[in-house]
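Contents: one structure, followed by commentary.
The values are calculated or read from the model by the stated rules, or taken from the named source; none is laboratory data. Note that the structure is a prediction, hence the values are computed from the model and not measured. Cβ placement follows ideal geometry from the backbone for every residue including glycine, while neighbour counts extend to all protein chains displayed. Accessible surface is based on the protein model in full, side chains and every heavy atom, while ligands, DNA and RNA are left aside. Shrake-Rupley method; radii C 1.70, N 1.55, O 1.52, S 1.80 Å.
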Amino acid sequence: MDLVTFGEAMVRLTPPGFQRLEQARGFDAYVGGGELNVAVAAARLGIASRWVSRLPDNPLGRMIANRAREQGVDAHIEWTADDRAGLYFAELGAAPRASNVLYDRAASAISRVTPGSIDWPSVFGGARWFHVSGITPALSESAAKVTAESLVAAKKAGLTVSYDLNYRSKLWSVDEARAVQEPLMEHVDILVTTEEDSQVVFGVGAEAKGSYEHVDAESYVHVARALEKRFKLRAVAITLRENPLVLVNNWSAIVAAEGKIHRGPRYEVEVVDRIGAGDAFSAGLIVSRLEKRGWEDAVRFATATSALKHSIPGDFCLVTRGEVEQLLRGASLRVAR
């Protein structure tokens, strides 16, 4: 495997037709989770990908593993007879009602993973890149310990390590997130974050105050460079989202690397489903760098990949390399016949 990721995936239930949860008589079922989403997108873009996790040996656990394998991902699973699969409910909104997520993931199988239970040298054999996110250490104290263990093992094995900050206020407090994750940055090469999470977790905010409706990309150059310097990172990527409406967003990104700022294109996206867009960005960035593209090409490819994700229901970025490259060339919105 070229890429290895580690984290939880859950069964997602979404009421159809923008219904509220309390209205629903049925749900659309998907599978998703930050690190699995990255592995799926990378696999579809041509990178051999492995996802490491822990699942219950029951129909829901097998459903999750099967969805990963359907997309060409090598699912390296520690199966357990006694624990449960995490669930989450995604209620998709429309202006002025925002989308909302309700978690039912307490005591899930991955939250009970223990240090020493995963053979990291074997998992990383032949790999070049490791990716994990801030969601995984938020799940439990033991999951945080295993996340740290995985990062140390990845660096020992000579892998490039990327880390998506991915702060989730419904999983832990700001103080907990900062205390756990600051020491982890010692083992990280590339940090992926958002205009909001860097301020919330690390206290590094933009010089100019913006709003959800308008984000000044140039004001986040300071944020990227400050994080790069503070944690001695090889690169910092910041995705930039403007939310003038729930279903119409503007999407772009910047990367600070090698003393320069690299900027992705700015896309106006119609939001069918924004969940997983940040993961698609990480995947596009990883794929580009594994293919030895420069940072300018990498941020352009990653931004286009993640822009396309907004148009796809579910967590997975079900695109092809040809579709990403076509968007970068300037895709027509006419029906392809």
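Plugging the Kirkwood radius over Cα pairs into Stokes-Einstein for the stretch 1-149, at a temperature of 10 °C and a viscosity of 1.306 mPa s, what D comes out in µm²/s? Write out the running numbers ahead of the final one.
Numbers: Rh = 16.0 Å.
Here the translational diffusion coefficient equals 99 µm²/s.
Would you kindly compute the Cα radius of gyration of the chain and its largest Cα-Cα separation (Dmax), both in Å?
Rg, Dmax (Cα atoms, Å): 18.7, 54.
Please report Rg (one decimal) and Dmax (integer) in Å for the Cα set of the stretch 202-315.
13.8, 38
In whole percent, how big is the carbon plus sulfur part of the accessible area of the chain, probe 1.4 Å, protein atoms only? Provide the component values of the computation, followed by the final result.
Working: 7220 of 14490 Å².
Here it works out to 50 percent.
Provide the three semi-axes, in whole Å and in decreasing order, of the ellipsoid equivalent to the stretch 173-257 as defined by the square roots of 5 times the Cα gyration tensor eigenvalues. Before the final figure, lay out each step's value.
On the way: eigenvalues 105, 42, 24 Å².
Semi-axes from the Cα gyration tensor: 23, 15, 11 Å.
From Cα pairs below 8 angstrom and at least 6 apart in sequence, can you work out the relative contact order of the chain, rounded to a whole percent? Working shown, then result.
Details: 732 pairs, mean separation 50.9, N = 337.
Here the relative contact order equals 15 percent.
Would you mind working out the magnitude of the charge dipole of the stretch 80-186 relative to its Cα centre, with +1 at each Lys and Arg C-beta and -1 at each Asp and Glu C-beta, to the nearest 20 Debye? Please list the in-between numbers first.
Working: 11 positive and 12 negative charges, 43 e Å.
Roughly 200 debye, rounded to the nearest 20.
If you stretched the chain out fully between Asn66 and Leu328, how much longer would it get, using 0.36 nm times the residue separation minus the C-alpha to C-alpha distance?
Working: separation 262, 0.36 × 262 = 94.32 nm, distance 3.19 nm.
Residue separation times 0.36 nm, minus the Cα-Cα distance, leaves 91.1 nm.
Compute the separation of the alpha-carbon centres of the stretch 158-228 and the stretch 47-95 and state it in Å as a whole number.
26
Go ahead and estimate [θ] at 222 nm for the chain from helices alone: -39,500 (n - 2.57) per DSSP H run with n ≥ 4, summed, over the residue count, rounded to 500.
Numbers: 11 runs with 113 residues, N = 337.
Computed ellipticity for the chain at 222 nm equals -10000 deg cm²/dmol.
For the stretch 1-79, which GluC sites (Glu not before Pro) are both in a DSSP coil and crowded by at most 11 other Cβ atoms within 10 Å? Could you put the intermediate results ahead of the total?
Values: sites: Glu8, Glu22, Glu35, Glu70, Glu78; in loops: Glu8.
Listed in order of number, the matching sites amount to none.
Return a single number: how many Lys pairs in the chain, at a sequence separation of 8 or more or on separate chains, have alpha-carbon atoms below 29 angstrom apart.
Eligible lysine pairs with Cα atoms under 29 Å apart amount to 26.
Tell me the volume per residue, in Å³, of the convex hull enclosing the alpha carbons of the stretch 153-206. Display every interim value, and only then the final one.
Working: hull volume 4.4 nm³, N = 54.
Hull volume over Cα atoms, normalised by residue count, gives 81 Å³.
Please check: in the Gaussian network model of the chain (C-alpha springs, under 10 Å), which one of Gly72, Gly26, Gly61 has the largest mean-square fluctuation.
For the chain, modelled as a Gaussian network with Cα springs under 10 Å, the answer is Gly26.
As a test, work out the antiparallel percent of DSSP beta bridges whose residues both lie in the chain, rounded to the nearest 5.
45
Can you find, among Ile261, Trp251, Ala280, the residue farthest towards the positive end of the dipole of the stretch 211-322? Put +1 on the C-beta of Lys and Arg, -1 on that of Asp and Glu.
Ile261
Relative contact order of the stretch 66-164, please, whole-number percent, based on alpha carbon pairs below 8 angstrom and at least 6 residues apart.
Values: 109 pairs, mean separation 22.0, N = 99.
Taking the mean separation of contacting Cα pairs over the length of the stretch 66-164, I get 22 percent.
What residue among Thr160, Thr305, Thr320 shows peak mean-square fluctuation when the chain is described by a Gaussian network model with Cα springs under 10 Å?
Judging by the Gaussian network model, the answer is Thr320.
Please give me, ordered by residue number, the GluC sites (Glu not before Pro) of the stretch 237-337 that lie in loop per DSSP and have at most 15 other Cβ atoms within 10 Å.
Numbers: sites: Glu242, Glu258, Glu268, Glu270, Glu291, Glu296, Glu323, Glu325; in loops: Glu258, Glu291.
Those that pass, being in a loop and sparsely packed, are Glu258, Glu291.
Filter the chymotrypsin sites (Phe, Trp or Tyr not before Pro) in the stretch 22-69 down to the DSSP loop ones having no more than 16 other Cβ atoms within 10 Å, then list what survives. Write out the running numbers ahead of the final one.
Details: sites: Phe27, Tyr30, Trp51; in loops: Phe27.
Qualifying residues, ordered by number: Phe27.
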